[in-house]
Amino acid sequence: MESKKLQKVSVAALIVSVLPLTTFIPIILKITLSDGVRGIWAGANILFILAGLCLSIPCVKNCETRSIVNIIAMIISVVLILIVIGIIILAFFLNFLQ
């Protein structure tokens with residue numbers, strides 16, 4: 001029973017981890033978004049990244065339910081978190097240089 005729950009959680013973690021990649025849809029379609037929408041979208045992306053990481057950690061920790069889906073969801077979340085941290089650090093450095 002617990003295995004089925006963690007399988008559903010792992011699929012949810014993968015879906016939530018991939019949702020921030022929908023940011024590329026307006027870029028591909030050449031749609032310009034207002035500043036407010038971009039801010040809300042950025043906040044939602046950060047929440048999706050953190051939720052994907054929080055959902056994938058218990059699945060990867062459990063050896064019985066560890067699968068390639070869990071590992072991929074975890075890798076996607078970690079890479080996206082590192083990108084967000086890099087952007088934040090770059091923004092701080094650019095502010096101090098000006």
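The values are calculated or read from the model by the stated rules, or taken from the named source; none is laboratory data. The model shown is predicted, which means the values in this text are computed figures rather than measured ones. Note: ideal-geometry Cβ built from the backbone for every residue, glycine included; neighbour counts use all protein chains shown. We work out accessible area using only protein heavy atoms, side chains counted, and drop any ligands, DNA or RNA first. Shrake-Rupley method; radii C 1.70, N 1.55, O 1.52, S 1.80 Å.
Considering each residue of region 59-72 in turn, none proves to be part of a helix (DSSP H, G or I), under 22 Å from residue 88 (Cβ atoms) and open to solvent by 100 Å² or more (accessible area, probe 1.4 Å).
Taking the conditions (1) assigned to a helix (DSSP H, G or I); (2) among the basic types (Lys, Arg); (3) modelled with pLDDT of 85 or more in turn, residue 30 satisfies each one other than (1). A Cβ distance below 7 Å, combined with a sequence gap of six or more or placement on separate chains, defines the contacts here; from region 56-77, residues that are under 11 Å from residue 17 (Cα atoms) and in contact (Cβ under 8 Å) with a residue 60 or more places away in the chain reach no residue that is open to solvent by 70 Å² or more (accessible area, probe 1.4 Å) and acidic (Asp, Glu).
Kindly check whether there is at least one residue in region 73-80 that is closer than 17 Å to residue 6 by Cα, among the aliphatic types (A, V, I, L, M) and in a helix (DSSP H, G or I). Break it down into steps so the answer makes sense when it comes.
Initially, region 73-80 is screened for residues closer than 17 Å to residue 6 by Cα, giving 73-74.
After this cut, where a residue has to be among the aliphatic types (A, V, I, L, M) as well, the list is 73-74.
When the remaining residues are screened for being in a helix (DSSP H, G or I), the result is 73-74.
Yes, because at least one residue in region 73-80 is closer than 17 Å to residue 6 by Cα, among the aliphatic types (A, V, I, L, M) and in a helix (DSSP H, G or I).
State yes or no: is residue 54 open to solvent by less than 70 Å² (accessible area, probe 1.4 Å), part of a helix (DSSP H, G or I) and among the hydrophobic types (A, V, I, L, M, F, W, C)? Spell out how you get there, then give the answer.
Details: open to solvent by less than 70 Å² (accessible area, probe 1.4 Å): no; part of a helix (DSSP H, G or I): yes; among the hydrophobic types (A, V, I, L, M, F, W, C): yes.
No: the conditions fail for residue 54.
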